[in-house]
Amino acid sequence: LTLKGAVSQSNNLLEIKNSSDTILQSVDPNGNVNFGDRQLSRFSSNSIVATGSRNLAQSDNGSSLICTSASAMTLTIPTGLSLGFNCSIVQKGAGQVTVGSGAGVAGYAPDGAKTAKQWAMISIINTGTTDEYVVGGNTAT
């Protein structure tokens, strides 16, 4: 299925409606999918192996980062990632993974911003505000 719209398209590119003409799901001109606050099932994400410290990238959005380093590493949140950016981080290797905030980024980690131990998993979620993120999960200070 290929959907095409004009560059100036402002309406949804795709809408799925019920018999009452209520929009159940839609795709907007930016490619964002709205599930109408309904349960999302059969969801899958890409797994990306991270072997050392690096900045997160837009291509990490929605992915699971599998960190395999034997020594400590840092994943830094840069400015400019899209609203709604999110990813999961798994410490598969022995090295703890710290989530850092780049210049101009507000990162909030109430329980710590690094993995607690091997096999710990944490998440990074954009709050809906430009360059503002929450980090949480199986963390340590």
Ranked by how many other beta carbons lie within 10 Å on average, peptides 88-98, 14-24, 46-56, 73-83 from highest = 88-98, 73-83, 46-56, 14-24
query = Residue separation times 0.36 nm, minus the C-alpha to C-alpha distance between Thr22 and Asp111: what's the value?
reply = 27.9 nm
message = Suppose each label sits 7 Å from its Cα in the direction of the beta carbon; what would the Val134-Leu83 distance come out to in nanometres?
response = 1.7 nm
message = Within 14 Å, Cβ to Cβ, of Thr68, how many net charges do the neighbouring residues add up to if Lys/Arg are +1 and Asp/Glu are -1?
response = +2
task = Give, as ranges by residue number, the residues of region 53-95 whose backbone N falls under 17 Å from the point 7 Å along Cα→Cβ of Ala103.
result = 55-56, 76-81
note = Taking R0 as 22 Å and r as the Cβ-Cβ distance between Asn46 and Asn11, the FRET efficiency 1/(1 + (r/R0)^6), rounded to the nearest 0.05, comes to 0.15
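We did not get these values from a lab; they are worked out from the coordinates using the rules stated. Since the structure is predicted, the reported quantities are computational estimates derived from the model, not experimental observations. Neighbour counts run over all protein chains shown; Cβ positions are idealised from the backbone, glycine included.
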